[in-house]
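Right, one structure below, let's go through it.
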Amino acid sequence: MKRNNFSAVNKIVQSSPVVKQPKRGFCSSLNQTHMCNVLLDWGSLPHHVILHIFQYLPLIDRARASSVCRRWNEVFHIPDLWRKFEFELNHSATSYFKSTHPDLIQQIIKKHAAHLQYVSFKVDSSAESAEAACDILSQLVNCSIQTLGLISTAKPSFMNMPKSHFVSALTVVFVNSKSLSSIKIEDTPVDDPSLKILVANNGDTLRLLKMSSCPHVSSDGILCVADHCQGLRELALNYYILSDELLLALSRETHVNLEHLRIDVVSENPGQIKFHSIKKHSWDALIKHSPGVNVVMYFFLYEEEFETFFKEETPVTHLYFGRSVSKTILGRIGLNCPRLIELVVCANGLQPLDNELICIAEHCKNLTALGLSECEVSCSAFIEFVKLCGRRLTQLCIMEEVLISDDSYNPDEVHTEVSKYLGRVWFPDVMPVW
């Protein structure tokens, strides 16, 4: 144990209110003996205890701790400590978070690459950070990664780098890992050929694939994944590559039950109004095969772009509207979304949604969560909505400006009635919580 560490412990022990300060002379030797025992205890902790502590430490602190004593250094090189790791990469002039030191990155690649199983890359908005992440990926040739995540903390920086460089680096992992089960590659230039390489080498193990906002992937590319990855349980993608063929492929008897399907609906091109439709029999086939699947849809459209949606029964369970949505669409949701569990409306306009909310409460018997902002509902209609839903509403986040006074109630009186029907104290929110 280093002398400066001994001094640090000495100060802690002497200043502790629990430890009585001994008299000088004979007792001082007892005090030093006690401190040596303290140091000896830290140095003789079982490996699994030190390992557990190290797992909570940032990499730089972990490296410093490894130089304290031989036993801690042994733990620093235990393979279990390097199964999960997050590389943080940034451009120092523009980023707000600390970057993993290049020397430590090289040490990890040289000594611990073979142990890596759960790997993520957190990059800032600079293309340099994305390219650095790809440089590391290109060196992971002797590893068996199970989970891979590429995370952009600001704008999608992977989209600003050469597509060929990204695909080449990603292919290295796809080819060499052989046991990938979870992949999050949203907002990246991944393409159809690289997905074919993925399923050729990891088709038997892939369970989760999140790839929203990947413009170089076509409906044929994602269909290839569904055809070959029979164990796929979670999938996130953009609506433009969702197809009847994909839903039918996910509904085959040989495919496991799908648990989570997330669909981001955004305009593929500026000014796009027309979206393709999904046939009801395709949705029915999916629900028959996977009755418990959560179908989550995020909409980032303008009102004139919604015409295609919810004309027929749609098995969506979670709906989030990031922009304005019309009364007509909300009325369709009440009639055609019987599986709906959660609904969030961020904006609607100045037309009260009284009838639409009542319709949703009457027909969506599984609804447990509602969020409303920048829209209007009369106090009486809102109370009636809560009365119809009752205590199954576990989350009710309503901005206070949403509630409009009528002949029966004003916003100050609503909370009493709503609390009565919910069976708990409730107040409207002053800021969005979703």
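The values are calculated or read from the model by the stated rules, or taken from the named source; none is laboratory data. All figures in this text were calculated on a predicted structure; none of them were measured in a lab. Note that each Cβ is placed from the backbone with ideal geometry, even for glycine, and that neighbours are counted across all protein chains shown. For accessibility, only protein heavy atoms count, side chains too; no ligands or nucleic acids. Shrake-Rupley method; radii C 1.70, N 1.55, O 1.52, S 1.80 Å.
Figures for the structure shown
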| quantity | calculated |
| --- | --- |
| Any chance N90 is among the polar types (S, T, N, Q), without any contact (Cβ under 8 Å) to a residue 60 or more places away in the chain and touching a Ser or Thr at 6+ places or on another chain (Cβ under 7 Å) | yes |
| Residue match in the range 171-192 (condition: more than 21 Å from the chain's Cα centre (by Cα), within 30 Å of L301 (Cβ to Cβ) and part of a helix (DSSP H, G or I)) | yes |
| Enumeration of residues in the range 412-434 that are surrounded by 14 or more Cβ atoms within 10 Å (Cβ to Cβ) and either modelled with pLDDT under 90 or assigned to a strand (DSSP E or B) (or both) | D429 |
| Flag for E356 being buried (at least 20 other Cβ atoms within 10 Å of the Cβ) and more than 27 Å from D244 (Cβ to Cβ) | yes |
| The range 342-376 - residue that is among the hydrophobic types (A, V, I, L, M, F, W, C) and in contact (Cβ under 8 Å) with a residue 40 or more places away in the chain and, of those, nearest to L393 (Cα to Cα) | V344 |
| Residue match in the range 148-156 (condition: modelled with pLDDT under 95, β-branched (V, I, T), closer than 18 Å to N90 by Cα and not in a loop (DSSP other than H, G, I, E, B)) | yes |
| Test result for S120, hydroxyl-bearing (S, T, Y) and at pLDDT 80 or above | yes |
| Subset of the range 114-151 (residues that are small (G, A, S) and either surrounded by 19 or more Cβ atoms within 10 Å (Cβ to Cβ) or touching a strand residue (DSSP E or B) at 6+ places or on another chain (Cβ under 9 Å) (or both)) | S120, S125, S126, S129, A130, A132, A133, G149 |
| Qualifying position, being farther than 20 Å from L367 by Cα, under 27 Å from the mean Cα position of the chain (by Cα) and open to solvent by 40 Å² or more (accessible area, probe 1.4 Å), among N294, N257 | N257 |
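For (1) open to solvent by 30 Å² or more (accessible area, probe 1.4 Å); (2) at pLDDT below 95; (3) of a type in the set (A, V, I, L, M), each residue gets a yes or a no:
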| position | (1), (2), (3) |
| --- | --- |
| I287 | yes, no, yes |
| L340 | no, no, yes |
| L350 | yes, yes, yes |
| F382 | no, no, no |
